[in-house]
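The values are calculated or read from the model by the stated rules, or taken from the named source; none is laboratory data. This one's a predicted model, so the numbers in the text were calculated from it and none came from an experiment. Virtual Cβ from ideal backbone geometry, glycine too; neighbours counted across all protein chains shown. These accessible areas exclude ligands, DNA and RNA; they are computed on the full protein's heavy atoms, side chains included. Shrake-Rupley method; radii C 1.70, N 1.55, O 1.52, S 1.80 Å.
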Amino acid sequence: ATKMKAYLTRLLDLIAPRTCAICGHRLTVTEQSICGVCLLHLPLTRYAFAPLDNLMAQTFWGQLPIQRAASLFFYEGHSEVANLIYHLKYHSRPQIGVDMGRTLAAKFTVSHFFDDIDVIVPVPLAHRRLRQRGYNQSECIAQGISQITGIPIDTHSLERTDFEGSQTQLNRWNRRENVDHLFRLTPQQTLTGKHILLVDDVCTTGATLIACGSAIIPSGDVRISVATLGFVRH
């Protein structure tokens, strides 16, 4: 089965060559979503080694009680690494999320970041966006993390209530107001008593993740940690 999969992969690469989501160069059979050179040059945060006190964790201080927070790499708009997120969200390449989720998990596991986490909750996507895109990029990242860690994913306990437009052009405070009431627990939620890992693609101000966490807290006796692919330094 493994040999057949490798053969089919090579055949598919000949018919429709896969390209690196960062630099655009053709990928080899063993490379996943990004090439080895770009993987080597990712601007890693290494926050998983200090998950209680880093710039990302500080965005939640006084707003959401969290156990730990870390991001795989630093994100800047219009940078090469921004291509990765852009292709994931807007070019119908959900596999990028899965592959990068696996990369994140492999690197974070070394620091025991996932110890005692019970369930992964990807940030829900608005129904309209989900219909347009066909997939939730945060859920794709969560799938990759789950494949490496074995931690189950819960996509049923938290839901998005509405869509208030893009966050991109909003400042820090308006972002917070824009998402304050966008998430709610569902009647069938099963998060009570668990340590939950919230997963999203990029943490900019933390507003969306804070809103998700704030919606989860009423389920009772929960602990919350956060992991994202990118983090925007301020």
Output the strands (runs of 3 or more DSSP E) that fall wholly within segment 153-234 and possess 1 or more residues being open to solvent by 30 Å² or more (accessible area, probe 1.4 Å), at pLDDT below 95 and within 29 Å of His78 (Cβ to Cβ), or say none.
158-160
Of the residues in segment 65-84, those that are open to solvent by 10 Å² or more (accessible area, probe 1.4 Å) and touching a Leu at 6+ places or on another chain (Cβ under 9 Å) come to Ile66, Gln67, Arg68, Phe74, Tyr75, Val81
What are the pairs with Cβ atoms under 6 angstrom where one residue, in segment 47-62, is of a type in the set (Ser, Thr, Tyr) and the other, located anywhere, is in a loop (DSSP other than H, G, I, E, B)? Sequence gap at least six, or different chains.
Tyr47/Asn54; Thr59/Gly206
Please work out which one of (1) part of a loop (DSSP other than H, G, I, E, B); (2) under 14 Å from the mean Cα position of the chain (by Cα); (3) of a type outside the set (Val, Ile, Thr) is the condition Leu64 fails and give its number.
(2)
For segment 107-150, how many residues are among the small types (Gly, Ala, Ser) and not in a helix (DSSP H, G or I)?
4
Pairs please, first residue from segment 90-103 and at pLDDT below 95, second anywhere and part of a helix (DSSP H, G or I), Cβ atoms under 6 Å, 6+ apart in sequence or on different chains.
Arg93/His87
